[in-house]
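Accompanying notes for the structure given below.
Bear in mind that the values in this text are calculations on the coordinates, not laboratory data. These numbers were taken from a predicted model, which means no experiment stands behind them. Cβ atoms come from the backbone with ideal geometry, glycine included; neighbour counts cover every protein chain shown.
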Amino acid sequence: MADNTPINGSVKMHFMLKSIPPRTTFQQDMTDEERNIMGKHIAYWTGKQNQGIALVFGPVRNPSSPHGVAIIEVENEAQVPKLIEEDPAVIAGIMTTEFYPMLAVLPKQTL
């Protein structure tokens, strides 16, 4: 379970999501159908970012183990599986996603 961190007067929890593609060459050799699904995947997480849920997300270009990462902020852990299940890339079966609680998350500083 993650430590609770007060943000703007409410308690939020933070998780790291790791999305794993179907093959290490996925970014280079996606089919047109997979590329279309990945466009929907990006739009989905952009929407979550606009809602303040996804703080940051994107691909990690590790040559031996490429994957995607997102840091999310939610009210409770029960929200996380639902967010993952609604991801178009997960629905299509071209990506699996693991999640892990984060401890000691600091609030974003505004200038």
Checklist entry - Against the longest alpha carbon principal axis of the chain, how many degrees, from 0 to 90 and to the nearest 10, is the axis of helix 32-50 turned? => result 10
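Among residues other than residue 38 whose Cβ falls under 14 Å from its Cβ, what is the net charge (Lys/Arg +1, Asp/Glu -1)?
Numbers: positive: 23, 35, 40; negative: 29, 32, 33, 34, 87.
Net of charged neighbours comes to -2.
Rounded to the nearest 20 Debye, what is the dipole magnitude of the stretch 5-101 about its Cα centre when Lys and Arg each give +1 and Asp and Glu each give -1 at the C-beta? Spell out each step's value before the answer.
On the way: 8 positive and 11 negative charges, 47 e Å.
For the stretch 5-101, the charge dipole is close to 220 debye.
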Checklist entry - Amide H to amide H, which residues 5 or more places from residue 96 or on other chains are under 5 Å from it, using H placed in the peptide plane? => result 20
